[in-house]
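Presented below is the structure to which this report refers.
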Amino acid sequence: MIRSMTGYGSASGVSGNLELEIELKAVNNRYLDVSVRTPRRYLFAEDVLKKRVGQAVTRGKVDVFVNVDAARDQEVEITLNEALADAYVQALQTIADRFGLEGGVTAIQVAKLPDVLQVERPETDADTFTRDLTAVLDEALKNFNAMRLVEGNKLHHDITARLDQIEELTKQVETLSPQTVTAYRTKLEQRMAEVLEGAHVEESRILVEAAIFADRVAVDEEITRLRSHVSQLREILNSDGAVGRKLDFLLQELGRETNTIGSKCQDLTLGKIVIELKAEIEKIREQAQNIE
């Protein structure tokens, strides 16, 4: 089944005393563009995450958000930089005395100053952490792809319905096209009769003119190719994997054949049908931009 390029997925887990959470968000993009945002302390896992996403996604701009919560970590140590805190207190007191400010310095105020309190955590085992984080990512990717399949199914139904409409419009073109030749021949006979003022009109001459016109407006080949492209589009929609680029190419071909039919049209009704064909193709093209 086809998949949408847009989607969202998340998952959570643990690595030792660390709580892990990963969110995946994706939007349309011509190629695959993966961006990983993780705390600086765990940047060593970034390349592994990117590679993992690349194995599950082929197109789209994918943002990976990694959140690591150390709230469960019982081995965290907080140390006070006494010398720095003392210097801050003296400086603040000097400011108060110098400018005649009221109010004393509180412990909370000093604790919020840069580098007064230092949080020390035990060294993280990179291999273990990366393995645990990757497991969480795999679960997030599973949820992410499940959502993209649901969206892809909606796109599949919409595009299929529009292909049905294109086939119906193609039948109308096929039916009406020969009628334009017959109408042309009738008008030609009338014009020649008027010009020659009732004189005998040679049937062979009319046949030649009608044949030239018929060849000029014939759209049999274009109709055959249109149907072939529609058939291929249906096959692609029912296949697995990334199909967005294939759809885009075939839609260009579909548009080209429709434009050729439009340029050959000598009938107002046919012209209107061609406009409807173009509108349906453009709507499919817009939907195809969302497909991986």
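Tell me, which strands (runs of 3 or more DSSP E) lie completely within segment 17-101 with 3 or more residues that are outside the structural domain of Asp115 (by TED's automatic domain parsing) and either under 30 Å from Glu151 (Cβ atoms) or charged (D, E, K, R) (or both)? Don't jump to the end; show me each part of the working.
Working: elements: 18-27, 32-37, 60-69, 77-80.
Hits in segment 17-101: 18-27, 32-37, 60-69.
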With the structure loaded, tell me whether Val105 is at pLDDT 95 or above and outside any helix (DSSP H, G or I) or whether it fails that test. no
Which is among the polar types (S, T, N, Q), under 25 Å from Asn290 (Cα atoms), in a helix (DSSP H, G or I) and not assigned by TED's automatic domain parsing to the domain that holds Ser15, of Gln165, Gln172? Gln165
Lone unmet requirement of (1) touching a residue at least 24 places away in the same chain (Cβ under 8 Å); (2) surrounded by 13 or more Cβ atoms within 10 Å (Cβ to Cβ) for Val105: (1)
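Here's the yes/no breakdown for (1) among the polar types (S, T, N, Q); (2) surrounded by 13 or more Cβ atoms within 10 Å (Cβ to Cβ); (3) in contact with a helix residue (DSSP H, G or I) (Cβ under 7 Å, 6 or more places away or on another chain):
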position	(1), (2), (3)
Lys51	no, no, no
Ala56	no, yes, yes
Gly60	no, yes, no
Val68	no, yes, yes
Ile78	no, no, no
Residues of segment 110-134 that turn out to be surrounded by 14 or more Cβ atoms within 10 Å (Cβ to Cβ) and either assigned to a helix (DSSP H, G or I) or free of Cβ contacts under 8 Å to residues at least 12 places away in the same chain (or both), as a count: 6
Quick count over segment 1-16, residues being within 20 Å of Met147 (Cα to Cα), among the hydroxyl-bearing types (Ser, Thr, Tyr) and surrounded by 15 or more Cβ atoms within 10 Å (Cβ to Cβ), is 3
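Yes or no, residue by residue, for (1) at pLDDT 90 or above; (2) touching a helix residue (DSSP H, G or I) at 6+ places or on another chain (Cβ under 7 Å):
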residue: Ser204; (1), (2): no, no
residue: Ile223; (1), (2): no, yes
residue: Lys246; (1), (2): yes, yes
residue: Arg285; (1), (2): yes, yes
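The values are calculated or read from the model by the stated rules, or taken from the named source; none is laboratory data. A quick note: this is a predicted structure, and the numbers were derived from the prediction, not measured. Reconstructed Cβ throughout: ideal geometry from the backbone, glycine too, with neighbour counts over all protein chains shown.
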